[in-house]
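For reference, the structure discussed in these notes is given below.
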Amino acid sequence: MLFLQENISLKPYNTFSIPVKARYFVEIFNEAALEELLTSAVLKENELLVLGGGSNVLFTRDFPGLVLKVSIPGIVQEVLGNEVFVEAGAGVIWNDLVTYCVGHQLAGVENLTLIPGTVGASPIQNIGAYGVELKDVFYSCTGYEIATGEKRVFTYEECHFGYRDSVFKNELKSKYILTAVKFKLSREAVINIQYGAIQTELERRGITAPTIADVSKVVAEIRVSKLPDPSTIGNAGSFFKNPIIEKATLLEIQKSYPDVVNYPLPNNHYKLAAGWLIESCGFKGMVSGETGTWKNQALVLVNHGEATGQEVYSFSEHIIDTVCQKFAITLEREVNIL
Ligand code: FAD
Ligand code: EPU
């Protein structure tokens, strides 16, 4: 039985805490309920928005259709030699999966500690942090096609993962509802502490041979020191992507700004720290009405309490224009605008 609600506030369902309303809202806890929904009139007659934890969305208007919150639980493990496959329901909280893996000495996701949201959303933008991306541990995912109700498994190759990108943001945008994700983890920890801040923190604590639990703990502490907690300050993490540019463009920017923060990528490309670009335009910690940028991380836009989605969006346009005028770089939003 589906429990369909009408005209409900989405404020508790998005980490920006934007108080818009949904015409219809339903939460599902298993595949049977999803199969029932896929043949229902409310789904066929309304625009659909699939939501996990709402930590990567900005609502700029009331949603006129059906919001589906996917809350399918469960974590199962399958061992094959040194490799361990863990499959989690789309509704599992991402950090609960990390805690499970670290607790069972399964290496691979510890650098992704404390990323908000659900397992089901993790492949959509190929979540990443501290030198690791979802694609590094991804094995497959399962989803239902909205148009036909058909169930399908996606392999790694079929997901076309890129930096904050996948097939689910392109050709298959809004076409599938993911119900589970399967990860390939390792019993032999391959510690990845290349990302500067992790190394420095471990050294500061005198830890020379870190375990995955140590890495997870240090990542959690770094994140808490930099990022605002959505339960007190509304936000959706990085609002923009870090721009990827060619070497010639970097050299041009360096003529005027030799200290521009950049990271080399393969094929003569470079990733710029968008936070640095935004801070260099004087935005870090700026308060603009009810919105602004976070004092410790200029890439994060915040809701100081009563912001509307439109207000946050307009502020993001102002940032894009200013950065473009100064550096001739057009920032791309990472957050999904609705
Ligand atoms: P939602 O915001 O609910 O949805 C995001 C998108 O996925 C939407 O397009 C939605 O339609 C789609 N979607 C959600 N669930 C499903 C499903 N089951 N099937 C099909 N489509 C679905 N991200 C990073 O990559 N790295 C970080 O370090 C990071 N740090 C953050 C820190 C903070 C404080 C916050 C608030 C956010 C951060 N994020 C980060 C962004 C966010 O945590 C991720 O994008 C996360 O994967 C979103 O999960 P969610 O369940 O909240 O997705
Ligand atoms: N910087 C500044 N000023 C700022 C912020 C950053 O100068 O206000 C510079 C600093 O030099 C800093 C560098 O940028 O050393 C990198 O900053 P940080 O380590 O905070 O990482 P980021 O590039 O800003 C990315 C991800 C985060 C992820 C972190 C850690 C994107 C868009 N963001 O941020 O992901 O947690 O790296 O790996 O790639 C998210 O996607 O929501 C998110 C939070």
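The values are calculated or read from the model by the stated rules, or taken from the named source; none is laboratory data. No experiment lies behind these values; they were computed from the predicted model shown. Cβ coordinates were reconstructed from backbone atoms using ideal geometry, including for glycine residues, and neighbour counts include every protein chain displayed. Heavy atoms of the whole protein, side chains included, go into the accessibility calculation; ligands, DNA and RNA do not. Shrake-Rupley method; radii C 1.70, N 1.55, O 1.52, S 1.80 Å.
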Next on the checklist: Straight-line reach from residue 255: which aspartates and glutamates fall under 19 Å, measuring Cα to Cα and dropping same-chain residues less than 8 apart?
Outcome noted: 246, 279
Next on the checklist: Please report the spacing between the Cα centers of region 196-271 and region 84-149 in Å, no decimals.
Outcome noted: 20 Å
Checklist entry - How much length, in nm to one decimal, is gained on full extension between residue 231 and residue 11, taken as 0.36 nm per residue of separation minus their Cα-Cα distance? => result 78.0 nm
Item to check | aspartates and glutamates with Cα under 17 Å of residue 135, excluding same-chain neighbours fewer than 8 positions away | outcome: 83, 87, 110, 157, 158, 165
Item to check | Extension gain from residue 204 to residue 32, taking 0.36 nm per residue of separation minus the Cα-Cα distance | outcome: 56.9 nm
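Quick check of the Kirkwood formula: for region 199-338, what is the inverse mean of 1/r over all pairs of different Cα atoms, in Å? Write out the running numbers ahead of the final one.
Numbers: mean 1/r = 0.0601 Å⁻¹.
Kirkwood radius, region 199-338: 16.6 Å.
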Item to check | Cross-link table 175/241; 173/284; 271/326, entries beyond 26 Å C-alpha to C-alpha | outcome: 173/284
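Indicate the gyration tensor shape class of the chain (rounded, prolate or oblate), computed on the Cα atoms with a ≥ b ≥ c the square roots of the eigenvalues: a/c under 1.5 is rounded; otherwise a/b larger than b/c is prolate and the rest oblate. Don't skip to the answer; put the middle values down first.
Values: a/c = 1.70, a/b = 1.14, b/c = 1.49.
Judged from the Cα gyration tensor, the chain comes out oblate (a/c at least 1.5, b/c at or above a/b).
Could you calculate the contour length gain from residue 310 to residue 158, that is, 0.36 nm times the residue separation minus the distance between their Cα atoms, to one decimal place in nm? Let's see the in-between values first.
On the way: separation 152, 0.36 × 152 = 54.72 nm, distance 3.52 nm.
Additional length available on full extension: 51.2 nm.
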Checklist entry - Using a simple spin-label model with points 7 Å from Cα along the Cα→Cβ vector, what separation in nm is obtained for residue 76 and residue 220? => result 2.8 nm
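Where does region 5-70 land on the Kirkwood hydrodynamic radius, alpha-carbon pairs, in angstrom? Present the calculation step by step, with values, prior to reporting the outcome.
Values: mean 1/r = 0.0830 Å⁻¹.
After inverting the mean inverse Cα-Cα distance, the result is 12.1 Å.
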Checklist entry - At a probe size of 1.4 Å, how large is the accessible area of residue 226, to the nearest 10 Å²? => result 80 Å²
Next on the checklist: Output wanted: per-residue J couplings in Hz (rounded whole) for region 88-97, from phi through Karplus 6.51 cos²θ - 1.76 cosθ + 1.60, θ = phi - 60°, x for Gly and Pro.
Outcome noted: 10, x, 4, x, 5, 5, 3, 5, 5, 5
Checklist entry - Given a Förster radius of 56 Å and the C-beta distance between residue 191 and residue 145 as r, what FRET efficiency does 1/(1 + (r/R0)^6) yield to the nearest 0.05? => result 0.90
Checklist outcome for this item: In the chain the accessible area split gives carbon plus sulfur, as whole percent at 1.4 Å, a share of 51 percent
Checklist entry - So which lysines can residue 21 reach, going by Cα to Cα under 22 Å and dropping same-chain residues fewer than 8 places off? => result 11, 44, 69
Item to check | region 234-337 - accessible surface per residue (Å², probe 1.4 Å) | outcome: 48 Å²
Item to check | Value of Rg/Rh across region 75-186 [Cα atoms, Kirkwood radius] | outcome: 0.95
Checklist entry - Applying 1/(1 + (r/R0)^6) with R0 = 35 Å to the Cβ-Cβ distance of residue 170 and residue 85, what FRET efficiency is obtained, to the nearest 0.05? => result 0.85
